[in-house]
2 protein chains.
Amino acid sequence: MTNTQDNRPIIEVCLTPALWYQHDPKGKNVVVIDIIRATSTITSALHHGVAKMIPVQTVEEANAYLEKGYLVAGERDGIKIPHFQFGNSPFEFMGEDVKGKTIIHTTTNGTRCVLMSKGAHQIVAGSFLNQEAIFNWIRQENRDTILFCAGWKDHYVMDDALFAGAVVRELADDFRIIDDSTLSAKLLYRYVRENMLRSIKQATHFKRLQRLGIEQDIKFCMSNPHFDVVPVFDGEGFVKG
Amino acid sequence: MTNTQDNRPIIEVCLTPALWYQHDPKGKNVVVIDIIRATSTITSALHHGVAKMIPVQTVEEANAYLEKGYLVAGERDGIKIPHFQFGNSPFEFMGEDVKGKTIIHTTTNGTRCVLMSKGAHQIVAGSFLNQEAIFNWIRQENRDTILFCAGWKDHYVMDDALFAGAVVRELADDFRIIDDSTLSAKLLYRYVRENMLRSIKQATHFKRLQRLGIEQDIKFCMSNPHFDVVPVFDGEGFVKG
C-alpha cells in the first residue's frame, strides 16, 4: 500500500489523445511522445543543429509560413509535399543546410498533443533517441509528469506506449504510479524491450508505415543513439532546453 | 504482412468504454469483461444454478425490481445495500437459496457495456472463471469479436485487459489482429500470466477494492476453476448459453 508520507511526484501515462480528458496538465510537466516520427524527428533535428522546430497541424498552416519565407517540412501519405523543402524523415534534418534554421514541421498527431497540453508547466518532446536526457530532465524537475502518447488519429499505438513504459520503468523509484495505464505501460516495456523492433514489426502502425517505404526511419526512431538534448516547447516551437 | 487471402475473422480489444466509439459492434460478437467483479459474479452464479442474472446500473432501477418481488443484489462502496438480499460478491450466489432464481444485479460498469453493445450479434460475459468455455465459444462462432473491457468509471483497468489478452493469445491463430490495443493486451498477458495475482496487487483497481476488504473475492476472480458456462445476454439478462 501507498505510504501516507509518500511525497514523491506522480507519473502518469495517457495512452491516446482520446483519453486526455481524464488527465489535467495544470502545473504538471508533459512529455509528448510521437515515436514514429514527430518527436523523434524534432529531437534529432535539434541535436543536429536546427534552432527551432515549429509544429503545425495542417498543410494550409505550413503554406502560410512558406509564403513568409520559412523552411517548411511535410508529407501527405508518406510522400513529401512537392512545394515544401523537406519531408518528415529524421534523416532530412542532419545536414549543414538546416544548421541554425527554424523549420515549420507539419505533423498532425504530435501538434494536437502540444495544443491539448495547454496549461502545463512545461511541454517537452520525448523519444528513444534522447531517452537518457528525458529521464534526467524529468528526475531533476521532480514534478508531477504526464507522458502523453500521441497515437494515430486518436487510436492507441504501441510504439508510443513502449517509450512511455521505458520512462516509467526508469523513474519508478522516484515517482508514484497511481493508475493502471501507467503500470501496464511499464510492464509491457519490460516484456518487449529485448525484442522491441520485432514486436513493433507486428504492430499495425508499423505495417501501415512500412507500406509507405519508411522502414529505415522506423529503425532509427526505435534506436538509442543517446542524443543529449531535451526539446522544450517555448510557446511557438521546440528549442534546445 | 497480412495474407491478402486471409479470411479469418477479426478479434479486437476495446481497452475502456471511453474508447468504445472507435469500435462498431454491428454484426459482431461482444465479450463484456468486468473481472472484478461483475462478469465473474455472473459467470459463477450461472454455474452454481442461478437461472438468470439481470444487470442494472442504478440502485433506483434495482429498487423498482425489488418492489415487484425480485431478488436484488447490490453494493455501494463495497457494502451491501441494507434492504437488498445480496451484495455483489460471487460467494453469495453459490447456495441452494439461489438455484433456479432470477437475480437483479446492480453493477455500474458492466451494465453500461451491455447497453453500449446494442446492435451486436451476441453479447456474452467473460472471466477467468470460464475462460476455456469462452475460448471455445468464440472459436466455434468464428465471427468478428470485440473484447470489451468495462474498466472503472471509463478508466482503463489492468485486470480486464489481462483477460482480454488471455483470449487474444489463445485465439491468435484463428483470428486476425489488426490494431495495437489487441496486440498490446496479448503481449501484456504473456508477460504477466505467471505472476498474475502479484501484478494485479500492484494495480490501483486492486488497491481501491482491497481497502473495502474484498481480497477473497479478487483472488477468486483471478482464479480458473474451469466453469463450463457461457453467460449469454438474452435482451434482458444473462442466461446459460
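Computed values, structure above
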{"item": "Contacts under 7 angstrom Cβ, first residue in the stretch A:168-179 being over 17 Å from A:GLN5 (Cα atoms) and touching a residue at least 24 places away in the same chain (Cβ under 8 Å), partner assigned to a helix (DSSP H, G or I) and not charged (D, E, K, R), 6 or more apart", "result": "A:VAL168/A:THR182; A:VAL168/A:ALA185; A:GLU170/A:PHE135; A:LEU171/A:PHE135; A:LEU171/A:ILE138; A:ASP179/B:THR204"}
{"item": "Subset tally (residues that are more than 17 Å from A:ILE33 (Cβ to Cβ), part of a helix (DSSP H, G or I) and more than 10 Å from chain B (Cβ to nearest Cβ)) for the stretch A:175-194", "result": "1"}
{"item": "Residues that are out of contact with any Cys (no Cβ under 8 Å at 6 or more places or on another chain) and assigned to a helix (DSSP H, G or I), drawn from the stretch B:142-162", "result": "B:MET158, B:LEU162"}
{"item": "Unmet requirement for A:ASP97, which otherwise passes all of (1) of a type outside the set (S, T, N, Q); (2) closer than 21 Å to A:LYS26 by Cβ; (3) surrounded by fewer than 22 Cβ atoms within 10 Å (Cβ to Cβ)", "result": "(2)"}
{"item": "Given (1) at positive phi; (2) in a helix (DSSP H, G or I); (3) small (Gly, Ala, Ser), number of the condition B:GLY213 does not satisfy", "result": "(2)"}
{"item": "Filtered residue count, the stretch A:186-201, keeping only those that are farther than 23 Å from A:SER89 by Cβ and either modelled with pLDDT of 90 or more or surrounded by 13 or more Cβ atoms within 10 Å (Cβ to Cβ) (or both)", "result": "8"}
{"item": "Members of the stretch B:20-58 that are farther than 23 Å from B:ARG139 by Cβ, within 14 Å of chain A (Cβ to nearest Cβ) and surrounded by fewer than 23 Cβ atoms within 10 Å (Cβ to Cβ)", "result": "B:TRP20, B:TYR21, B:GLN22"}
{"item": "Subset tally (residues that are over 30 Å from B:GLN202 (Cα atoms), in contact (Cβ under 8 Å) with a residue 60 or more places away in the chain and surrounded by fewer than 24 Cβ atoms within 10 Å (Cβ to Cβ)) for the stretch B:124-160", "result": "5"}
{"item": "Residues of the stretch A:36-57 satisfying the condition of being modelled with pLDDT of 95 or more and either among the β-branched types (Val, Ile, Thr) or in a strand (DSSP E or B) (or both)", "result": "A:THR39, A:THR41, A:ILE42, A:THR43, A:VAL50, A:LYS52, A:MET53, A:ILE54, A:PRO55, A:VAL56"}
{"item": "Criterion: at negative phi and in contact with a Pro (Cβ under 8 Å, 6 or more places away or on another chain) - qualifying residue of A:THR145, A:THR204", "result": "A:THR145"}
{"item": "Residue in the stretch A:74-82 that is small (Gly, Ala, Ser), surrounded by fewer than 22 Cβ atoms within 10 Å (Cβ to Cβ) and in contact (Cβ under 8 Å) with a residue 12 or more places away in the chain present", "result": "yes"}
{"item": "Some residue of the stretch A:56-68 being more than 28 Å from A:GLU12 (Cβ to Cβ), of a type in the set (Ser, Thr, Tyr) and touching a residue at least 40 places away in the same chain (Cβ under 8 Å)", "result": "yes"}
{"item": "Selection from the stretch A:1-34 of residues that are hydrophobic (A, V, I, L, M, F, W, C), modelled with pLDDT of 95 or more and in a loop (DSSP other than H, G, I, E, B)", "result": "A:LEU15"}
{"item": "Qualifying residue in the stretch B:186-209 (condition: touching a strand residue (DSSP E or B) at 6+ places or on another chain (Cβ under 7 Å) and among the β-branched types (Val, Ile, Thr))", "result": "no"}
{"item": "Residue satisfying condition, being within 14 Å of chain B (Cβ to nearest Cβ) and within 16 Å of A:ILE35 (Cα to Cα), within set A:ALA133, A:ALA164, A:ALA172", "result": "A:ALA164"}
{"item": "Extreme residue, nearest to the other protein chains (Cβ to nearest Cβ), among residues of the stretch A:198-232 that are under 15 Å from the mean Cα position of the chain (by Cα) and of a type in the set (Phe, Trp, Tyr)", "result": "A:PHE220"}
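The values are calculated or read from the model by the stated rules, or taken from the named source; none is laboratory data. Not measured: the values here are computed from a predicted model. Cβ coordinates were reconstructed from backbone atoms using ideal geometry, including for glycine residues, and neighbour counts include every protein chain displayed.
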